[in-house]
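A short write-up of the structure that comes next.
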Amino acid sequence: MKLKIAPRAANDAERHARWWLSNRELASLLFEQELRGALDKIKKSPHVGVVYKGRRDRIYHRVLMPKTQFHVYYRILEKESVIRVVTIWSTARRRAPKL
């Protein structure tokens with residue numbers, strides 16, 4: 001399956017990576033490293049993520065990045081043979097994204 005990053009998720013990744021570079025002196029690259037690991041894990045085993053039901057009963061999956069406390073939300077589009085990453089969401093927000 002091909003992994004595709006939605007514009008929203010790309011913006012999320014860029015914004016969070018900038019924040020970590022500016023605010024986490026001792027672990028400035030941790031977000032980027034953990035995100036790369038999560039994306040590799042998702043690509044190798046798409047069904048690894050916890051199932052999450054979005055609006056209109058759409059099924060998403062999410063994988064936790066445990067060190068940085070972000071979730072990667074994605075959809076598995078079997079017919080297109082695509083895994084689409086839709087957002088990267090901080091657990092600190094204490095609510096799920098609107099998907």
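The values are calculated or read from the model by the stated rules, or taken from the named source; none is laboratory data. Everything quoted here is computed from the prediction, not taken from an experiment. Using ideal geometry, Cβ is built from the backbone for each residue, glycine included, and neighbour counts are taken over all protein chains shown.
Picking from residues in segment 1-45 that are without any contact (Cβ under 8 Å) to a residue 60 or more places away in the chain and among the small types (Gly, Ala, Ser), the one that is nearest to residue 85 (Cα to Cα) is 10.
Entry remark, segment 34-57: residues being part of a helix (DSSP H, G or I), within 13 Å of the chain's Cα centre (by Cα) and over 22 Å from residue 17 (Cα atoms) number 2 in total. A count restricted to segment 46-71 and to residues that are in contact (Cβ under 8 Å) with a residue 40 or more places away in the chain and β-branched (Val, Ile, Thr) stands at 1. Just one of the listed residues (54, 49) is touching a Phe, Trp or Tyr at 6+ places or on another chain (Cβ under 6 Å) and modelled with pLDDT under 95, namely 54. Residue 76 meets the conditions (1) within 16 Å of residue 2 (Cα to Cα); (2) not in a strand (DSSP E or B) in every case but one. The failed one is (2).
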